[in-house]
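Worksheet for the structure shown next.
The values are calculated or read from the model by the stated rules, or taken from the named source; none is laboratory data. Not measured: the values here are computed from a predicted model. Here the Cβ is made from the backbone with ideal geometry for all residues, glycine too, and neighbour counts use every protein chain on show. Surface areas here come from the heavy atoms of the whole protein model, side chains and all, with no ligands, DNA or RNA. Shrake-Rupley method; radii C 1.70, N 1.55, O 1.52, S 1.80 Å.
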Amino acid sequence: MMILRFRPEGHVTLTVDLSTTGDSPRVCVRPLDRELLRGLLGAEELRELLDADVLADLEFELQRLVDGRRARDADEVHDALRTLGPLDRLGLDARLIDGVAVDRWLQQLREEGRIIDVRVADPECVTAADDAARLRDAVGVALPVGLPAVYTDPVEDPLGDLCCRYARTHGPFVTRDVAHWIGVPEDRIGVALGCLISEGVLIRGEFRPGGSEREFCDDDVLRQLRRRSLSKLRHEIEPVEGDALARFLPSWQGVGSRRRGVDGLAEVIGQLQGAAIAASVLENDVLRARLSGYQSSDLDQLCTMGEVVWIGAGSVGAGDGRVRLMYRDQVGLLAPVVNEDDLPAEPIHG
């Protein structure tokens, strides 16, 4: 049995059992809790562990830019604006199914008092009337007259609410992304994001694959991103048919490789060290299959130099026995512990 352990996403351990008891390798997944993740990584540094394609797909979904998430009627247009915040006409059109009567829907929503026209960070936008007070108090947006008081009464944390809105609908981001979205100085955005971190709403770390800065991310968005990255990895290591495993193992073991000489033999021993192999097949069947032009003198040279040692691993019948090859500095780790009670008392033993 060979056990391989991977850490694909920083908070799980995958155990692949390549035993000979089944047709395919078995995969076991054991989750680690979040605090253990922090301890292992020292921080939320997942840049090398998250999948870039998964992140791109998730961001399109959060922004309602995929089939099945685009608006199909006036109510869904209003819902998109409440979820995403202000949108200019280009951004709104990208979130509609093809061939819809959006102008008629927008006019209907204006007449019903459910959306308003505003100017945010210069572009002309439409937004849900629910955000009127937030945009006025956080950004300084001028509101149309005649809005009901329910939409104009001050809210407790207008800028924090808008930052939360951005975080829930985007992947990992930096301060200037939010500042550009609503046209607010970065220092004000930084203060608001810092408060959200202290409240546990946002997390800061190294998340975006290929990025170079520490980013902010909504806790739920990060949870989705980690879960989907792990799910993709699981599909990549799904059990294979027996013939695929049979093709993989000889290649992985270097059978038929072009390695030669003492250096090539040293690489092979590094891969095989600690394995109990019958002495009768060690050179002719095992080493010769992994080295081109194998010579016994190369193994003698490594042993004479003291780099490689061999240890007996039990008899096989009357005229054969198993041996373990290993580097001298690895003996303490790979050699089995010998119980003194099992040592033979006779001066000569087989």
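Selection within region 57-89: residues that are in contact with an Asp or Glu (Cβ under 7 Å, 6 or more places away or on another chain) and not in a loop (DSSP other than H, G, I, E, B). The member of this set that is least open to solvent (accessible area, probe 1.4 Å) is 88.
Selection of region 58-71 for residues being without any contact (Cβ under 8 Å) to a residue 60 or more places away in the chain and under 21 Å from the mean Cα position of the chain (by Cα) yields 60, 61. Determine if region 156-171 includes at least one residue that is modelled with pLDDT under 95, small (Gly, Ala, Ser) and assigned to a loop (DSSP other than H, G, I, E, B). No; the residues of region 156-171 include none that is modelled with pLDDT under 95, small (Gly, Ala, Ser) and assigned to a loop (DSSP other than H, G, I, E, B). Scan region 213-221 and tell me whether some residue there is closer than 24 Å to residue 283 by Cβ, open to solvent by less than 60 Å² (accessible area, probe 1.4 Å) and either among the hydrophobic types (A, V, I, L, M, F, W, C) or assigned to a strand (DSSP E or B) (or both). There is no residue in region 213-221 that is closer than 24 Å to residue 283 by Cβ, open to solvent by less than 60 Å² (accessible area, probe 1.4 Å) and either among the hydrophobic types (A, V, I, L, M, F, W, C) or assigned to a strand (DSSP E or B) (or both). Of all the criteria given as (1) closer than 21 Å to residue 64 by Cβ; (2) surrounded by 14 or more Cβ atoms within 10 Å (Cβ to Cβ), the one not satisfied by residue 94 is (2). Taken over region 119-140, the criterion of being outside any loop (DSSP other than H, G, I, E, B) and open to solvent by 10 Å² or more (accessible area, probe 1.4 Å) is satisfied by 119, 124, 125, 126, 130, 134, 136, 137, 139. Residues in region 110-133 that are among the acidic types (Asp, Glu) and touching a residue at least 24 places away in the same chain (Cβ under 8 Å): 117, 122, 124, 130, 131. If you go through region 275-317 and pick out every residue that is outside any strand (DSSP E or B) and of a type in the set (Gly, Ala, Ser), you end up with 10.
Looking only at region 238-247, residues that are open to solvent by 50 Å² or more (accessible area, probe 1.4 Å) and in a helix (DSSP H, G or I) come to 3 in all. Note on region 109-118: residues that are part of a helix (DSSP H, G or I) and open to solvent by less than 70 Å² (accessible area, probe 1.4 Å) total 1. Within region 81-101, residues that are more than 12 Å from residue 128 (Cα to Cα) reach partners that are modelled with pLDDT under 95 and of a type in the set (A, V, I, L, M) with beta carbons closer than 8 Å, at six or more positions or on different chains, in the pairs 92/102; 93/102; 96/102.
Return yes or no: is residue 332 over 42 Å from the mean Cα position of the chain (by Cα), open to solvent by 50 Å² or more (accessible area, probe 1.4 Å) and at pLDDT below 85? So residue 332 does not fit the description; no.
For region 248-274, the set of residues classified as exposed (fewer than 15 other Cβ atoms within 10 Å of the Cβ) and part of a loop (DSSP other than H, G, I, E, B) consists of 255, 256, 258, 260, listed by residue number. If you filter region 161-200 down to residues that are open to solvent by less than 50 Å² (accessible area, probe 1.4 Å), within 27 Å of the chain's Cα centre (by Cα) and of a type in the set (Val, Ile, Thr), you find that the one that is farthest from residue 136 (Cα to Cα) is 174.
Could you list, in sequence order, all residues of region 172-198 that are out of contact with any strand residue (DSSP E or B) (no Cβ under 7 Å at 6 or more places or on another chain), touching a residue at least 40 places away in the same chain (Cβ under 8 Å) and either closer than 18 Å to residue 62 by Cβ or assigned to a helix (DSSP H, G or I) (or both)? Hits for region 172-198 are 175, 180, 181, 182.
Evaluate the following for residue 104: is it surrounded by fewer than 21 Cβ atoms within 10 Å (Cβ to Cβ), over 36 Å from the mean Cα position of the chain (by Cα) and part of a helix (DSSP H, G or I)? When the stated conditions are applied, residue 104 passes them.
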